[in-house]
1. Among the residues of the stretch 193-213, how many are free of Cβ contacts under 8 Å to residues at least 60 places away in the same chain and either assigned to a helix (DSSP H, G or I) or closer than 16 Å to V156 by Cβ (or both)?
2. Taking into account only those residues within the stretch 167-187 that are touching a residue at least 24 places away in the same chain (Cβ under 8 Å) and farther than 21 Å from L37 by Cβ, which is surrounded by the most Cβ atoms within 10 Å (Cβ to Cβ)?
3. Can you tell me which residue within the stretch 1-15, out of those that are touching a residue at least 60 places away in the same chain (Cβ under 8 Å) and surrounded by 12 or more Cβ atoms within 10 Å (Cβ to Cβ), is farthest from E125 (Cα to Cα)?
4. Scan the stretch 147-166 residue by residue and report those that are without any contact (Cβ under 8 Å) to a residue 40 or more places away in the chain and not in a helix (DSSP H, G or I).
5. Taking L75 as meeting all but one of (1) loosely packed, with under 15 Cβ neighbours inside 10 Å; (2) at pLDDT 95 or above; (3) of a type in the set (A, V, I, L, M, F, W, C), write down the number of the exception.
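The values are calculated or read from the model by the stated rules, or taken from the named source; none is laboratory data. All of these numbers come straight from a predicted model, not from anything done at the bench. Neighbour counts are summed over all protein chains in view; Cβ atoms, including those assigned to glycine, are modelled from backbone coordinates with ideal geometry.
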Amino acid sequence: MTEAEWLACTDPKPMLEHLRRACSAVRRVVGRRKLRLFGCACCRRIWGLLEPAGRKAVEVSERLADGQADEGALLLAHNLAWKANLGIKEVGAMVAEYSPWSAAKVWLRVSAKAYSKERGTTTEEERSCQVGYLRCIFDNPFRPASIKSEWLTPTVTGLAKATSDKRQLPAGTLDPARLAVLADALEDAGCTDPDLLGHLRSPGPHVRGCWALDLILGKE
């Protein structure tokens, strides 16, 4: 996949495959946390269809991604989700999988189908949302973003942490108003990066793992 293809793509599957191949090429498990959060974001799109065990699996997986839960808790959540005998049990359980790359296609297929059926939309429309999530989380992998340390003032980092912590639940999306305030503080600190500021000020939707917020918080 080329940069132009990535930017124009409307199907999440080839985008995920490109990310997987890029990681394999450098022999690193890059993007594992971000892919897990992408799966969680997809699951939150169908939150109303998940049973409590499936929701718990999503929440534990989110906490694990940021070091707030251990693998024992993840395994327990995974097993409980499978035992719940859900009609769409793959979603809740697979998001708690140890291998997010292998589970990604399940998230795409099941969550898109379930959401489109519930809301009366097409699977293609839901895939378009998933593409937006991928770009929010992974940005443009052909042009890795960077940030200057002098921009990371206490005000900026404090606002970034508060924005990350205070998501809009159960959707799990980030508050656009908070992101816009964060962009203003970053600009006041001397930031002139149009992509970084533009993404923070864009309408989104923005989800946990947002590349701009992660860049400020020092997360991969």
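1. 9
2. Filtering the stretch 167-187 for residues that are touching a residue at least 24 places away in the same chain (Cβ under 8 Å) and farther than 21 Å from L37 by Cβ, the one surrounded by the most Cβ atoms within 10 Å (Cβ to Cβ) comes out as L186.
3. So, considering only residues that are touching a residue at least 60 places away in the same chain (Cβ under 8 Å) and surrounded by 12 or more Cβ atoms within 10 Å (Cβ to Cβ), the one farthest from E125 (Cα to Cα) is W6.
4. Within the stretch 147-166, T153, K166 meet the criteria.
5. For L75, the failing item is (2).
This table checks each residue for (1) farther than 29 Å from L49 by Cα; (2) crowded, with 20+ Cβ neighbours inside 10 Å; (3) touching a helix residue (DSSP H, G or I) at 6+ places or on another chain (Cβ under 7 Å).
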position	(1), (2), (3)
V156	yes, yes, yes
L159	yes, yes, yes
T163	no, yes, yes
G198	yes, no, no
P203	no, no, yes
H206	no, yes, yes
A212	yes, yes, yes
